[in-house]
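Written below as structure tokens is the structure these notes are about.
The values are calculated or read from the model by the stated rules, or taken from the named source; none is laboratory data. Keep in mind it's a predicted model, so treat the numbers as computed, not measured. Reconstructed Cβ throughout: ideal geometry from the backbone, glycine too, with neighbour counts over all protein chains shown.
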Ligand code: 13P
């Protein structure tokens, strides 16, 4: 049985003190039935991590450097994130890919995540043009295969399918469509781990639609952007996910 996941990606939102307050309002969330992860900006990790230390909510970073310690101005190494208490790191988010993070860099980041003891949440997703082209599955399988080349399948990792046209738009894939795409992605995974790896859906997830996605056999969790920025809406998603 794959345990359901609710992950909140705060992206580049909130000041540190606002983020700390948001985390404080998550402390009493009932996370007994699902794995809950939050990914605040780098600047917030220390203080948000301290607030969440007493809970079972795990901390994630939104990306990491391809490098280890050294002369890499502006970068943040996986070692630093692990030291701050991160257990997870998002890699390949479409917003990072949009700024030049190609499949090769995503693969390097996955390797760095494993080397530094972080579990990568590997994002894939097509834009509207690919969606309409009829080549969506080939495109997504290409992203999956490239990432798998860097994966250590003896360790935990997750995929998140986030269609770009559904991110922050209020449009979502239908639950059936998410199931069908995620089922195809699962088919690409190495046989020995395919039944264990959790694959999430992301893109305009909210309390009203979370149960629909999570009621599908292959959809193991959700990666939430906007609705993770308010404690009430994130808790309502956790609650919905706990009742599927
Ligand atoms: P929204 O939930 O705001 O559409 O964002 C999804 C996302 O990109 C999570 O990583």
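Would you call residue 167 over 20 Å from residue 35 (Cβ atoms) and either touching a residue at least 40 places away in the same chain (Cβ under 8 Å) or more than 16 Å from the ligand (Cβ to nearest atom) (or both)? Show your work before the answer.
Numbers: over 20 Å from residue 35 (Cβ atoms): yes; either touching a residue at least 40 places away in the same chain (Cβ under 8 Å) or more than 16 Å from the ligand (Cβ to nearest atom) (or both): yes.
The answer is yes for residue 167.
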Exercise for the section: Keeping to segment 211-240, report how many residues are under 13 Å from residue 8 (Cα atoms), in contact with a strand residue (DSSP E or B) (Cβ under 9 Å, 6 or more places away or on another chain) and within 14 Å of the ligand (Cβ to nearest atom). Expected result: 11
Exercise for the section: Could you grab me the full set of residues in segment 180-210 that are over 15 Å from residue 121 (Cα atoms), within 15 Å of the ligand (Cβ to nearest atom) and either modelled with pLDDT under 95 or outside any loop (DSSP other than H, G, I, E, B) (or both)? Expected result: 207, 208, 209, 210
Practice task
Could you check, for segment 220-229, whether at least one of its residues is at negative phi and over 16 Å from the mean Cα position of the chain (by Cα)?
Solution key: no
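Sort out which residues of segment 149-164 are out of contact with any strand residue (DSSP E or B) (no Cβ under 7 Å at 6 or more places or on another chain), within 17 Å of residue 97 (Cβ to Cβ) and either away from the ligand (no atom under 16 Å from the Cβ) or not in a helix (DSSP H, G or I) (or both), and write them in order of number. Full working, then the answer.
Residues of segment 149-164 that are out of contact with any strand residue (DSSP E or B) (no Cβ under 7 Å at 6 or more places or on another chain), as a first pass: 149-155, 163-164.
Applying the additional criterion that residues be within 17 Å of residue 97 (Cβ to Cβ) yields 149-150, 163-164.
149, 150, 163, listed by residue number.
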Practice task
All but one of (1) at pLDDT below 95; (2) surrounded by 20 or more Cβ atoms within 10 Å (Cβ to Cβ); (3) away from the ligand (no atom under 14 Å from the Cβ) hold for residue 173, so report the exception by its number.
Solution key: (3)
Exercise for the section: Return the residue satisfying two criteria in turn: it lies in segment 124-135 and is surrounded by fewer than 17 Cβ atoms within 10 Å (Cβ to Cβ) and assigned to a helix (DSSP H, G or I), and of such residues it is nearest to the chain's Cα centre (by Cα). Expected result: 128
Problem - For residue 121: the one exception among (1) under 18 Å from the mean Cα position of the chain (by Cα); (2) surrounded by fewer than 13 Cβ atoms within 10 Å (Cβ to Cβ) - result: (2)
